[in-house]
Amino acid sequence: MNMDKDSATQTKASRLRELLATRMLAIPGAFNALVAMQVERADYEIVYVSGAAISACRGVPDIGLLTLSEMAGEAGRIANAVSIPAIVDADTGYGGPADVAEAVKLFEAAGLAGMQIEDQEMTKKCGHLSGKQLVSVGKMTAKIKAAAYAKKDHDFVIVARTDARSVEGLEAAVQRATAYAEAGADALFPEALESAEEFRIFASEIKKAGVIVPLIANMTEFGKTPLLSVAEFERLGYRGVLFPVTALRTALRAIGGLLAELKLFGSQRDWLHHMMTRQELYDLLRYTDSPKHREGRTYEHRNE
């Protein structure tokens, strides 16, 4: 990664803001700190903490069951395991404007560089399921204003997601996103668009409205959105592409295969070539580093 002379003094939030403003980025999701360390080692520059993935790891569906304190704790562990910026999925913001403001404070204190909130009602669903209900534009803009006002670091990035496409239509999604940007959102995220053309129209209409903020796409699998490449999204006018549950789905399928064969054959011998070795795991964990070196990692450590 190319870094300028001021990079060593950047906060994670300012680095996130700079990245989204300057180039296209693939943003993998990490469901725990160790996976986040793999994301960083693979030379990605941003990591995403998905509410769906963290909920799944707790054995519950993605319907807003995790509390703010639970999510802040887990997201903080992930964010502080790496030196790259992390964006956290804050679902609907855990309540009204005051709750959203508290979420910003907790996530900032936990080490996150940005926070995403969506315009569903608190009884939320996965963005690619039917039957979603939206809050009014006024209620959502009040949450965004509260989030922007609550920021201690003005570079902390507020990502506003709209689920309006499947509820009110694409035009309404554009109108809502425009209002969210005017209320103080730093980036916009249209959920569950159904074609490359819809992504193009969304980006074009946002630009026509005079809104100049980064656009983020969600490239989750098995949903309403076709699988487009990062390069395709860049041509369509987007700056970030989330892969929120990709690593988790892949890991779970691999574990399922291992467990089936272990039960059948009574040995893991044929799976050794699929495994990270003991030394590779130790290297990833910085096993031989001093405790002081491992703790409190910040963006500056990228220069080590």
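Coordinate-derived values only; no laboratory data. Predicted, not measured: the structure shown is a model, and the values here were computed from it. Cβ atoms come from the backbone with ideal geometry, glycine included; neighbour counts cover every protein chain shown.
List of remarks:
- Length available on full extension from I63 to R269: 0.36 nm per residue minus the Cα-Cα distance, which gives 70.2 nm.
- Stretch gain in nm, segment R200-A142, where the contour uses 0.36 nm per residue and the Cα spacing is subtracted: 18.1 nm
- Summarising the strand pairing of the chain, around 5 percent of its internal DSSP beta bridges are antiparallel.
- Shape class for the stretch 7-252, computed from the alpha carbon gyration tensor (a ≥ b ≥ c): rounded, with a/c under 1.5.
- Kyte-Doolittle at least 0.0, axis length at least 24 Å by Cα - qualifying DSSP helices, the chain: 246-265
- Label point distance in nm, F222-K105, each placed 7 Å from Cα along Cα→Cβ: 4.0
- Longest site-free stretch - the chain; sites: chymotrypsin sites (Phe, Trp or Tyr not before Pro), DSSP loop, at most 11 other Cβ within 10 Å: 1-221
- Linear extension gain, D289 paired with A260, 0.36 nm per residue minus alpha-carbon span: 6.8 nm
- Nearby lysines by direct alpha-carbon distance to K12 (threshold 16 angstrom, same-chain neighbours under 8 apart not counted): K105, K151, K152
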